[in-house]
Amino acid sequence: MPHVIHMDPKYEPLEHIDVPALARAVTEPWFNQTLCRVNDSVIRLGVVSGEHHWHRHDEEDEFCSVIDGRLIIELDGHDSAELGQGQGITVPRGLRPRGRSRRSGPPCS
């Protein structure tokens, strides 16, 4: 499954960001767009359907928050976390996560 990842921030400070409209426009099963920078961090939008590969962030923690749907974060050597709408989790640097969604059908309907 293709993983589309855009690392360059799409928006500058003070630009209006319409997250629901961005999510509706996604056609790929696994899409990640850096929205903006906040100090030394970035805010990203991920629209996911299906499973992502195991990966690791050696230099930074990763925060995942669910806007809509359900996301399961499998954690190498730890219990999985299942997140619903409005829930989030911070994955500490160095820990290997793999995400998968329970959403069925195309990424956007």
Checklist entry - Using 7 Å Cα-to-Cβ label points, what is the K10/R98 separation (nm, one decimal)? => result 2.8
Checklist entry - Using 0.36 nm per residue, how much length does the chain from C36 to L75 gain when fully extended, once their Cα-Cα distance is taken away? => result 11.4 nm
Item to check | Distance histogram in 5 Å bins (all Cα pairs of the chain, percent per bin) | outcome: 2, 11, 21, 26, 22, 13, 5, 1, 0
Next on the checklist: How much length would be gained if the chain were fully extended between E28 and I43, taking 0.36 nm per residue of separation minus their Cα-Cα distance, in nm to one decimal?
Outcome noted: 3.4 nm
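Length gain on complete extension for the stretch W54 to Q85, per 0.36 nm per residue less the alpha carbon to alpha carbon distance? Spell out each step's value before the answer.
Values: separation 31, 0.36 × 31 = 11.16 nm, distance 2.30 nm.
Contour length minus the Cα-Cα distance gives 8.9 nm.
Where a number appears in this text, it was derived from the coordinates with a stated rule and is not lab data. The structure displayed is predicted, hence computed values, not measured ones. Positions of Cβ are backbone-derived with ideal geometry, glycine not excepted, and every protein chain shown enters the neighbour counts.
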